Amino acid sequence: MDIEKLIKKAIENKKNAYVPYSNFHVSSIVITEDGSIYEGVNIENASYPATLCAERSAISSAITAGHKRINTIIITGDSEYTYPCGICRQVMSEFMDENSKIIIAKNEKDYKQYTLDEILPMSFNKEDLKEE
């Protein structure tokens, strides 16, 4: 998996974002445990709470295709480094684990890599719902 090529693909995909209100483009690529790749963009709505973030868009595509484990998510947006919102971090925690990579990209050569625990410490997840 060539991260730089995938980051470039994510940056190019920002043009597909539907952002008539904020004009802030975000694109995300999800790589599942078997290496399948799914793309997503942010999709705004006049009813702002109905807006869908790029991360959840890509994750939804992967889940719809039958995948339940995400190894890597790449996020790029119109700011220098575009980090996922709290809701996206929570959704990511459902399908990622301590070995998953979260890549926040400025461009193909300039990006930062994080773990889920680094961007969402002390998260509430499905393990909390297990009965003892």
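Descriptive notes on the structure:
- Comparison of Thr64, Thr115, Thr72, Thr32 shows that the only residue that is open to solvent by 70 Å² or more (accessible area, probe 1.4 Å), within 30 Å of Lys130 (Cα to Cα) and of a type in the set (Ser, Thr, Tyr) is Thr64.
- Elements of the type strands (runs of 3 or more DSSP E) sitting completely within region 1-105 and holding at least 1 residues that are under 22 Å from Asn125 (Cα atoms) and among the polar types (S, T, N, Q): these cover 26-32, 70-77.
- In the set (1) under 19 Å from Glu4 (Cβ atoms); (2) surrounded by 15 or more Cβ atoms within 10 Å (Cβ to Cβ), the condition left unmet by Arg56 is number (1).
- Matching entry among Glu80, Glu94, Glu98, Glu118 (being under 19 Å from Ala17 (Cβ atoms) and acidic (Asp, Glu)): Glu80
- Test: residue in region 95-109 that is loosely packed, with under 12 Cβ neighbours inside 10 Å and touching an Asp or Glu at 6+ places or on another chain (Cβ under 9 Å): yes
- Criterion violated by Glu118 - all others in (1) in a helix (DSSP H, G or I); (2) within 13 Å of the chain's Cα centre (by Cα) satisfied: (2)
The values are calculated or read from the model by the stated rules, or taken from the named source; none is laboratory data. This one's a predicted model, so the numbers in the text were calculated from it and none came from an experiment. In this analysis, Cβ positions are derived from the backbone assuming ideal geometry, glycine residues included, and neighbour counts consider all displayed protein chains. SASA here: full protein model, heavy atoms, side chains in, ligands and nucleic acids out. Shrake-Rupley method; radii C 1.70, N 1.55, O 1.52, S 1.80 Å.
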